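**Student:** The following block contains the structure, expressed as structure tokens.
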Amino acid sequence: MIGNCMMSSSSSSHQTLLQRIQALDKSHLAPSYAALVLFHPTPSSRYAVVGHAQKSFINSTLLQVKSENGQPIFVMEESSNKLIGTGNEILRLVVDIEYERNKSDSDMYNHDKLFHQRTKAFEYATQHLLQNGADTYPVYPLLDSTDPTNDDKAILAHVNRSIAAYLGNNSVGVHLNCYVTLNNEIIGVWLGKRAPTKSHHPNYWDTTVAGGQPHNLTLYENIVKEAHEEAGVPAEWLRNDASNNAFSDNTHDPLTMLTAKEDGSCLKRSFYYSFDLEVPDTWQPTAVDGEVSEFKLYSTEELHDELRFGECLRPAMRAVLLDFMIRHGIFRENKGEDDCSELSRVMRTDRISLW
């Protein structure tokens, strides 16, 4: 028994670790999705794919969203992308179509005007679907490289965090792994149990600190904030300079996976950015904001068992913690079954291409 969780007796317990990690990838769902395309003229293209939505959700919900004047917010159009032909439909914003229709060839592309119009359009979608109040996430072109949110010019709109996943916008998360050493060897990692009030995966175990990435903070600023709010980690421990050997920033090499909910909705490319912190063996994290119900120090042996056979972790955290163990040289391969280079590769996938 690990952290009050039993090992799985289902078929998943007979999978290899590689198969468990591969099962996190949901790219096979792509045919049931349509690309969300915005007008964004660049030297190489007039448009940018910023997300994708499930076709059934588009028809049942998104096409029903109206502005305060009763005008539709979204429409479906036949694709004009010659690379995939004209048979595929794409999802577009009405404000984009109207702007493009009324724009003359001599007019400059008014990024700011469209930015505010799109953000307002996404607010109508939020009001139709959910409640206001959550953080806002950036909407930007889906690229094959890592997250481009540091370039403000690439951000085409803001969208409420609660509906970003339904639109297939990239999901960006930050993670802090607090670990304990003995004689310079890692002997345990603190995990946090998600509160029962969480909207998804309540009561599953996360890294010590886990949070979404809002548009108005850098990755580092966000992990400092989240670490204090979720676990009471002192900000000075996260000082990001050469003299602080206990803290390491690994955001240059994020995990990138195509994830979705169990029902097949909310397919998106998820980025997982990790920071590591060696903490004193006398310290214990403290739940501050109610996002975490409890913390436990897991031994490396328990983590190995959980990664291979357990069902306690939020599924994506299998990859985040496996990457931590590989990075620190504490992952123990099963001879003839595990290959660290292959495991690392399947945790870093390209985006889906729907248009």
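The values are calculated or read from the model by the stated rules, or taken from the named source; none is laboratory data. All values reported here derive from a predicted model rather than from experimental measurement. Heads up, the Cβs are rebuilt from the backbone with ideal geometry, glycines too, and the neighbour counts pull from every protein chain shown. All accessible areas refer to the heavy atoms of the entire protein, side chains included, with ligands and DNA or RNA removed. Shrake-Rupley method; radii C 1.70, N 1.55, O 1.52, S 1.80 Å.
**Student:** What pairs come up if the first residue lies in the stretch 103-122 and is within 24 Å of P72 (Cβ to Cβ) and modelled with pLDDT under 90, the second is assigned to a helix (DSSP H, G or I) and open to solvent by 70 Å² or more (accessible area, probe 1.4 Å), and their beta carbons are under 9 Å apart, counting only those six or more places apart or on different chains?
**Tutor:** H111/K153
**Student:** Out of the residues in the stretch 125-160 that are assigned to a helix (DSSP H, G or I), open to solvent by 20 Å² or more (accessible area, probe 1.4 Å) and closer than 20 Å to I73 by Cβ, state the one that is modelled with the lowest pLDDT.
**Tutor:** Among those residues, the one meeting the criterion is L129.
**Student:** Would you say T286 is among the β-branched types (V, I, T), under 24 Å from the mean Cα position of the chain (by Cα) and either at pLDDT 95 or above or surrounded by fewer than 21 Cβ atoms within 10 Å (Cβ to Cβ) (or both)?
**Tutor:** No, not satisfied.
**Student:** Can you tell me which residue among P196, P214 is surrounded by 16 or more Cβ atoms within 10 Å (Cβ to Cβ) and assigned to a loop (DSSP other than H, G, I, E, B)?
**Tutor:** Working: P196 fails: surrounded by 16 or more Cβ atoms within 10 Å (Cβ to Cβ).
Sole residue among the options that is surrounded by 16 or more Cβ atoms within 10 Å (Cβ to Cβ) and assigned to a loop (DSSP other than H, G, I, E, B): P214.
**Student:** Right, next: If we only count strands (runs of 3 or more DSSP E) wholly inside the stretch 238-319, which ones have 2 or more residues that are within 16 Å of G188 (Cα to Cα)?
**Tutor:** In the stretch 238-319, 268-278, 292-299 are the strands (runs of 3 or more DSSP E) which contain 2 or more residues that are within 16 Å of G188 (Cα to Cα).
**Student:** Identify all residues within the stretch 199-211 that are open to solvent by less than 60 Å² (accessible area, probe 1.4 Å) and not β-branched (V, I, T); write none if there are none.
**Tutor:** Listed by number, the residues that qualify are P202, W205, D206, A210, G211.
**Student:** State all residues of the stretch 177-188 that are over 15 Å from Q284 (Cβ atoms) and surrounded by 20 or more Cβ atoms within 10 Å (Cβ to Cβ); if no residue qualifies, say none.
**Tutor:** N177, I186
**Student:** Also, quick follow-up: Can you confirm whether I163 is in contact with a Leu (Cβ under 8 Å, 6 or more places away or on another chain), in a helix (DSSP H, G or I), open to solvent by less than 30 Å² (accessible area, probe 1.4 Å) and modelled with pLDDT under 95?
**Tutor:** Spelling it out, I163 is indeed in contact with a Leu (Cβ under 8 Å, 6 or more places away or on another chain), in a helix (DSSP H, G or I), open to solvent by less than 30 Å² (accessible area, probe 1.4 Å) and modelled with pLDDT under 95.
**Student:** Suppose we filter P31, P41 for residues that are at pLDDT 55 or above, under 25 Å from the mean Cα position of the chain (by Cα), over 18 Å from M347 (Cα atoms) and open to solvent by 40 Å² or more (accessible area, probe 1.4 Å); which single one remains?
**Tutor:** Every option except P31 fails the conditions.
**Student:** State the number of residues belonging to the stretch 327-343 that are open to solvent by less than 40 Å² (accessible area, probe 1.4 Å) and not in a loop (DSSP other than H, G, I, E, B).
**Tutor:** 2
**Student:** Just to be sure I understand, how many residues within the stretch 318-345 are in contact (Cβ under 8 Å) with a residue 60 or more places away in the chain and either over 13 Å from L24 (Cβ atoms) or in contact with a His (Cβ under 8 Å, 6 or more places away or on another chain) (or both)?
**Tutor:** 10
**Student:** Okay, next question. Counting just the residues of the stretch 231-244 that are touching a strand residue (DSSP E or B) at 6+ places or on another chain (Cβ under 8 Å) and open to solvent by 10 Å² or more (accessible area, probe 1.4 Å), which one comes out nearest to N183 (Cα to Cα)?
**Tutor:** Looking only at the stretch 231-244, we keep the residues that are touching a strand residue (DSSP E or B) at 6+ places or on another chain (Cβ under 8 Å), and these are 231, 233, 237-240.
Cutting the leftovers down to open to solvent by 10 Å² or more (accessible area, probe 1.4 Å) gives us 237, 239-240.
Details: W237: 20, R239: 23, N240: 24 Å.
Step by step, filter the stretch 231-244, then rank; the result is W237.
**Student:** Of these, V209, V180, V174, which one is modelled with pLDDT of 95 or more, farther than 20 Å from T256 by Cα and aliphatic (A, V, I, L, M)?
**Tutor:** V180
**Student:** Considering L191, L219, which residue is open to solvent by 20 Å² or more (accessible area, probe 1.4 Å) and either farther than 30 Å from V37 by Cβ or under 17 Å from the mean Cα position of the chain (by Cα) (or both)?
**Tutor:** Answer to the selection: L219.
**Student:** What is the residue count in the stretch 69-87 for residues that are at pLDDT 80 or above and open to solvent by 10 Å² or more (accessible area, probe 1.4 Å)?
**Tutor:** The number of residues fulfilling the criteria is 9.
**Student:** Inspect all residues belonging to the stretch 277-300 and state whether any of them is within 16 Å of N250 (Cα to Cα), touching an Asp or Glu at 6+ places or on another chain (Cβ under 6 Å) and not hydroxyl-bearing (S, T, Y).
**Tutor:** No.
**Student:** I'd like to verify a number: residues in the stretch 259-272 that are under 9 Å from the mean Cα position of the chain (by Cα) and not polar (S, T, N, Q), how many?
**Tutor:** Going through the stretch 259-272, the residues under 9 Å from the mean Cα position of the chain (by Cα) turn out to be 259, 268-272.
Subset that is not polar (S, T, N, Q): 268-269, 271-272.
Of the residues in that region, 4 qualify.
**Student:** Also, I was wondering about something else. Can you run down the residue pairs with Cβ atoms below 6 Å, 6 or more apart or on separate chains, where the first is in the stretch 188-203 and at positive phi and the partner is in a loop (DSSP other than H, G, I, E, B)?
**Tutor:** Close Cβ pairs satisfying both conditions: H201/R314; N203/P196.
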